[in-house]
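Novice: Take a look at this one; I'll ask things after.
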Amino acid sequence: MADVEVWVADAVVLAQQAEPLLSTAETERSARYVSVAARRLFVLSRALQRLLGSAYLGVPPERVEVDRSCRLCSDGGDHGKPYLRGAAGLDYSVSHAGRLVLLAWSSACRVGADIERLDRRLDPGLLGARTLAAAEQADLDALPAADRPARFLRLWTRKEAAVKLAGHGLTVPLASVRVDGPTACLAAPPAGWPAEPPMLTTLPVPEEYTAALATTAAPRVALREITDLAGIGLAPARPADRRDAGPGATI
Ligand SMILES: CC(C)(COP(=O)(O)OP(=O)(O)OC[C@H]1O[C@@H](n2cnc3c(N)ncnc32)[C@H](O)[C@@H]1OP(=O)(O)O)[C@@H](O)C(=O)NCCC(=O)NCCS
């Protein structure tokens, strides 16, 4: 089993405390957000990457460097999956939605994570045609109309978690990634896709949300809620309570 630590934090509560942890460039970028909610998520996400990186690496937060250059395309643009410089073997993935920031970290496997609010206004009929495989769409259509949005979002988070694992993101057509089983399967995987299909795990997040984790090995998940940034600092990250979210749990 591969240990994966999943951290969840509330941006409404913690963004202000997180601000001093940003770099100058991040502070400048945060000031350009029009939406207060999006700004809070950005601030907390970037601060937590630095703070948790500091805890995992055992270095001061200001020495944590995040590399966002794309390793999958020739331009090396800053649209790649983030990695910590000097931390070979430590992988992490970030997602934010509503007021929550979720980060999954592991030094035992590669990880991808995604979280969405369940009350997101969307039309599963319209979106499904572009993002679901035929069998996934048929299962969705067979459900009562009221149950379709939640089911669609569960499929969506599993797909996004899988495509974030290696850094492809939405450049992989989501309809080509089947996630209605315990793994994410593609008929023709793109360059850089893991050799074994990523395993999918539904994460136990607050009930207004749905979240998924993709991993390259069967995960043992420790879920931790961050209520105060002061508790993270340079202390080694150790799970206080381990809750096995169940690898390959059904959706
Ligand atoms: C990655 C992506 C799916 C994120 O989806 P989203 O719904 O916008 O946002 P989420 O909240 O779920 O995730 C945001 C986080 O994804 C991470 N991320 C960004 N690019 C990523 C990538 N290529 N792979 C994995 N994770 C990525 C970042 O950590 C980001 O949070 P941060 O900016 O606060 O650090 C989407 O932005 C995307 O597809 N980007 C393009 C990726 C791309 O062009 N890849 C090039 C392949 S050649």
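The values are calculated or read from the model by the stated rules, or taken from the named source; none is laboratory data. Keep in mind that this is a model prediction, so the values were computed, not measured. No Cβ is skipped: glycine too gets one built from the backbone with ideal geometry, and neighbour counts run over all protein chains shown.
Novice: When you go through D119, D114 one by one, which is the residue that is within 29 Å of T227 (Cα to Cα), among the acidic types (D, E) and assigned to a strand (DSSP E or B)?
Specialist: On the way: D119 fails: assigned to a strand (DSSP E or B).
That would be D114, the only listed residue that is within 29 Å of T227 (Cα to Cα), among the acidic types (D, E) and assigned to a strand (DSSP E or B).
Novice: Can I ask one more? Quick check on the range 13-40: of everything there that is under 19 Å from the mean Cα position of the chain (by Cα), surrounded by fewer than 22 Cβ atoms within 10 Å (Cβ to Cβ) and among the hydrophobic types (A, V, I, L, M, F, W, C), which residue is farthest from the ligand (Cβ to nearest atom)? Steps first, answer last, please.
Specialist: Taking the range 13-40 first, the residues under 19 Å from the mean Cα position of the chain (by Cα) are 14-15, 37-40.
When the remaining residues are screened for being surrounded by fewer than 22 Cβ atoms within 10 Å (Cβ to Cβ), the result is 14, 37-39.
Narrowing the set further to residues that are among the hydrophobic types (A, V, I, L, M, F, W, C) leaves 14, 37-38.
On the way: L14: 14, A37: 12, A38: 10 Å.
The residue in question is L14.
Novice: Of all residues in the range 64-83 being assigned to a loop (DSSP other than H, G, I, E, B) and of a type in the set (D, E), which is farthest from the ligand (Cβ to nearest atom)? Show your work before the answer.
Specialist: Just the residues of the range 64-83 that are assigned to a loop (DSSP other than H, G, I, E, B), to begin with: 64-65, 68-82.
Within this subset, residues satisfying the condition of being of a type in the set (D, E) are 65, 75, 78.
Values: E65: 13, D75: 8, D78: 9 Å.
Ranking the candidates gives E65 first.
Novice: Take the conditions in contact with a strand residue (DSSP E or B) (Cβ under 9 Å, 6 or more places away or on another chain), within 21 Å of P190 (Cβ to Cβ), more than 10 Å from the ligand (Cβ to nearest atom) and not basic (K, R) and apply them to D91. Does it pass?
Specialist: Values: in contact with a strand residue (DSSP E or B) (Cβ under 9 Å, 6 or more places away or on another chain): yes; within 21 Å of P190 (Cβ to Cβ): yes; more than 10 Å from the ligand (Cβ to nearest atom): yes; not basic (K, R): yes.
Answer is yes for this residue.
Novice: Looking at the structure I just gave you, is L127 aliphatic (A, V, I, L, M) and in contact with an Asp or Glu (Cβ under 7 Å, 6 or more places away or on another chain)?
Specialist: no
Novice: When the residues of the range 136-148 are filtered to those that are surrounded by 18 or more Cβ atoms within 10 Å (Cβ to Cβ) and closer than 18 Å to E116 by Cβ, which remaining residue is modelled with the highest pLDDT? Full working, then the answer.
Specialist: Applying the first criterion (surrounded by 18 or more Cβ atoms within 10 Å (Cβ to Cβ)) to the range 136-148 yields 136-137, 140, 148.
Remaining after also requiring closer than 18 Å to E116 by Cβ: 136, 140, 148.
Details: E136: 97, L140: 94, R148: 94.
Among those residues, the one meeting the criterion is E136.
So that you can scan it fast, the table gives a plain yes or no per residue for (1) under 18 Å from the mean Cα position of the chain (by Cα); (2) β-branched (V, I, T):
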| residue | (1), (2) |
| --- | --- |
| K164 | yes, no |
| H168 | yes, no |
| L174 | yes, no |
| V177 | yes, yes |
| P182 | yes, no |
| A188 | no, no |
| W193 | yes, no |
| P198 | yes, no |
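Novice: Would the range 111-121 turn up any residue that is out of contact with any helix residue (DSSP H, G or I) (no Cβ under 8 Å at 6 or more places or on another chain), free of Cβ contacts under 8 Å to residues at least 40 places away in the same chain and surrounded by fewer than 21 Cβ atoms within 10 Å (Cβ to Cβ)?
Specialist: Checked the range 111-121: at least one residue is out of contact with any helix residue (DSSP H, G or I) (no Cβ under 8 Å at 6 or more places or on another chain), free of Cβ contacts under 8 Å to residues at least 40 places away in the same chain and surrounded by fewer than 21 Cβ atoms within 10 Å (Cβ to Cβ).
Novice: Now for a separate question. Among (1) aliphatic (A, V, I, L, M); (2) farther than 26 Å from F42 by Cα; (3) in contact with a Phe, Trp or Tyr (Cβ under 6 Å, 6 or more places away or on another chain), which single condition is I115 missing?
Specialist: (2) is the only condition that I115 fails.
Novice: Sticking with this structure for a sec: Could we say that A135 is farther than 22 Å from R39 by Cα, more than 11 Å from the ligand (Cβ to nearest atom) and in a helix (DSSP H, G or I) here?
Specialist: Values: farther than 22 Å from R39 by Cα: yes; more than 11 Å from the ligand (Cβ to nearest atom): yes; in a helix (DSSP H, G or I): yes.
When the stated conditions are applied, A135 passes them.
Novice: Please list, ordered by first then second residue, the pairs with beta carbon atoms under 6 Å, 6 or more apart or interchain, first in the range 169-180 and part of a helix (DSSP H, G or I), second of a type in the set (G, A, S) and more than 8 Å from the ligand (Cβ to nearest atom).
Specialist: As it stands, the answer is A175/A133, since those pairs meet every condition given.
Novice: Cβ-Cβ below 6 Å, separation at least six or inter-chain, first residue in the range 78-89 and more than 13 Å from S107 (Cβ to Cβ), second among the β-branched types (V, I, T) and outside any loop (DSSP other than H, G, I, E, B): which pairs?
Specialist: As it stands, the answer is P82/V66, since those pairs meet every condition given.
Novice: Scan the range 149-173 for residues that are among the aliphatic types (A, V, I, L, M), surrounded by 22 or more Cβ atoms within 10 Å (Cβ to Cβ) and within 11 Å of the ligand (Cβ to nearest atom) and jot them down.
Specialist: Residues satisfying the conditions are A161, A162, V163, L165, A166.
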